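Below is one structure, written out as structure tokens; comments come after it.
Please treat every number below as a calculation from the coordinates, not as lab data. The shown structure was predicted, so the numbers you read here are calculated from the model rather than taken from an experiment. All Cβ positions, glycine included, derive from the backbone under ideal geometry; neighbour counts span all protein chains shown.
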Amino acid sequence: MSHTMGYLDWTDALDVGVDAMNREHQRLIDLMNELHTGNERGENKAMLLSRLDKLAKWTVSHFSHEEAYLESIRYPKLTSHRRIHADLLRQLDGHVTSFRESDHKTLPKELFTFLKLWLTAHIQGIDAQYSPVRKSA
């Protein structure tokens with residue numbers, strides 16, 4: 001898996017100190033990069049929707065894995081973390097639905113802005129908070 005494709009790059013700043021979560025975050029980056037590359041190359045709408053659906057499904061799966069992990073370490077902020085995940089999934093679903101129902105042939109820039117901000121802000125600001133808990137568990 002390449003993590004330096006340009007749109008989003010894996011950096012040490014995204015390391016949450018949990019190998020399994022880091023691998024899943026890297027996979028999210030790969031899927032976002034593939035979506036961005038497909039959009040830039042002018043892939044047809046059906047292909048872009050397929051990539052977007054794959055990203056959405058992987059995100060649901062990742063959030064489920066992450067929440068199970070947080071339960072296992074008795075993370076004290078799990079309830080709010082779940083709420084944040086649910087909110088992000090609602091926003092992502094809104095973007096998917098909007099594109100699916102639109103006449104647009106390419107994904108809007110706003111989607112990629114959302115994805116980049118979501119991933120980096122969520123990992124660095126929210127997910128990074130469970131690293132110290134893991135070390136003390």
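Numbers for the structure displayed
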quantity: Normalised contact order of the range 27-96, rounded percent, pairs of Cα under 8 Å and 6 or more residues apart; calculated: 34
quantity: Environment charge of ASP30, counting only residues whose C-beta is closer than 13 Å and scoring Lys/Arg +1, Asp/Glu -1; calculated: +1
quantity: Estimated distance in nm for a label pair at LYS109 and SER61, the labels positioned 7 Å out from Cα along Cα-to-Cβ; calculated: 3.3
quantity: Ellipsoid equivalent to the range 18-136 - semi-axes via the Cα gyration tensor, in Å; calculated: 29, 14, 11
quantity: Whole-Hz couplings from phi, Karplus 6.51/-1.76/1.60, listed for the range 112-120; x for Gly and Pro; calculated: 5, 5, 4, 4, 5, 5, 4, 4, 5
quantity: J(HN,Hα) series, the range 63-76, from Karplus relation 6.51 cos²θ - 1.76 cosθ + 1.60, nearest Hz, glycine and proline x; calculated: 4, 4, 4, 5, 5, 5, 4, 4, 4, 5, 9, 6, 5, x
quantity: Estimated 222 nm signal from helices in the chain, with DSSP H stretches of n ≥ 4 weighted -39500 (n - 2.57), rounded to 500; calculated: -23500 deg cm²/dmol
quantity: Listed peptides 118-128, 101-111 by packing density, highest first (mean Cβ within 10 Å); calculated: 118-128, 101-111
quantity: Approximate shape of the range 41-100 as ellipsoid semi-axes (Cα gyration tensor, √5λ), whole Å, largest first; calculated: 29, 12, 6
quantity: HN-Hα J in Hz across the range 41-50 - Karplus 6.51, -1.76, 1.60, θ = phi - 60°, x for Gly and Pro; calculated: 7, x, 4, 5, 4, 4, 5, 5, 5, 4
